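Presented below is the structure to which this report refers.
The numbers here are math on the coordinates, done by the rules we state, and not lab data. The shown structure was predicted, so the numbers you read here are calculated from the model rather than taken from an experiment. Quick reminder, even Gly has a Cβ in these numbers, built from the backbone with ideal geometry, and neighbours come from all protein chains shown.
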Amino acid sequence: MTPSPHITRPDRHLALPERERRNGHRGGILWLTGLSASGKSTLAAGLERRLFDARWQVLMLDGDDVRHGLCADLGFSPGDRAENIRRVGEAALLMAKGGTLVVAAFISPYRADRDRIRAQAGGMFHEIHLAADLAVCERRDPKGLYARARAGGIAEFTGISAPYEPPLAPELVVETGHSPVADCLEALVRYAGTAFAIDGGA
Ligand code: ADP
């Protein structure tokens, strides 16, 4: 049955600009990519804390978290990694469209997987390369993963037995191999303020 032409639908949708005005910042995705031990979790957690304390609507998404649930069925083959990043990208985009600033911390080694999110998210996707090189990451090895991978205990480990494709044109590069954590964090807070704040910085 066709509804009467005199009946109009109420607009139930809470539009993004309204959420953004209240939050004081735009929704979006700050996508941190880099080798294992390049500092993604450390800096994402620090950035989430700083922005939360500044009353931002912010949520960190971390590779280790999603692999316990949303992506628990996936391994580390190129196909599974692509699917992992696809799911995370979709989830992040839903949240971003709801006004949240998502801080995503994922090795995401394949350029094509990251570019797919960028193509879908348009201006909401900001790619940040944490550019610590392999030697530095391997020296740090906070979880002992490089040692295990070198000993043959982990197959398809990024940087050792699987590739990492650095971004070609990221919005920001943070030299996490050379600079102290505090300086890198400042650079990220500054970037978030410039790129996402509506009135003033973080
Ligand atoms: P990832 O999430 O990329 O695997 P983590 O954040 O778990 O990396 O580990 C990075 C390690 O490197 C931590 O032990 C951290 O204290 C150390 N680190 C040293 N310098 C930096 C820096 N500039 N930025 C981030 N982490 C750093």
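Structure data summary
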{"quantity": "Long-range amide H partners of Val58 with built H, under 5 Å", "calculated": "Leu101"}
{"quantity": "Debye log10 I(q)/I(0) at q = 0.19, 0.25, 0.30, 0.32 Å⁻¹ for the stretch 76-120, Cα point scatterers", "calculated": "-0.55, -0.89, -1.16, -1.24"}
{"quantity": "Centroid-to-centroid separation of the stretch 112-130 and the stretch 8-66 [C-alpha atoms, Å]", "calculated": "14"}
{"quantity": "Charge dipole magnitude, Cβ of K and R +1, D and E -1 - the stretch 7-138, Cα centre, debye nearest 20", "calculated": "640"}
{"quantity": "Convex hull volume per residue for the stretch 73-176, taking Cα atoms only, in Å³", "calculated": "115"}
{"quantity": "Taking the stretch 80-130 and dividing mean pair separation by its residue count, relative contact order in percent (alpha carbons under 8 Å, at least six apart)", "calculated": "38"}
{"quantity": "Long-range HN-HN contacts of Ala197 with modeled amide H, under 5 Å", "calculated": "Arg26"}
{"quantity": "The stretch 1-106: Cα Rg divided by the 2.2 N^0.38 Å rule of thumb", "calculated": "1.39"}
{"quantity": "Net +/- balance of residues flanking Gly46 in space, Cβ distance below 14 Å, scoring K and R +1, D and E -1", "calculated": "-1"}
{"quantity": "Relative contact order for the stretch 26-196, counting Cα pairs under 8 Å that sit 6 or more residues apart, in percent", "calculated": "35"}
{"quantity": "Packing-based order for 83-92, 39-48, using average beta carbon neighbours within 10 Å, highest first", "calculated": "39-48, 83-92"}
{"quantity": "Karplus-derived 3J(HN,Hα), 6.51/-1.76/1.60, for each residue of the stretch 142-150, Hz, glycine and proline x", "calculated": "x, 9, x, 6, 5, 4, 5, 5, 4"}
{"quantity": "Percent of Cα pairs exceeding the 25 Å cut-off, where the set is the chain", "calculated": "39"}
{"quantity": "Karplus 3J(HN,Hα) series, Hz, for the stretch 59-69 with 6.51 cos²θ - 1.76 cosθ + 1.60 (x for Gly, Pro)", "calculated": "9, 8, 10, 10, x, 5, 5, 5, 6, 8, x"}
{"quantity": "Neighbour net charge for Glu165 - beta-carbon separation under 11 angstrom, K R +1, D E -1", "calculated": "0"}
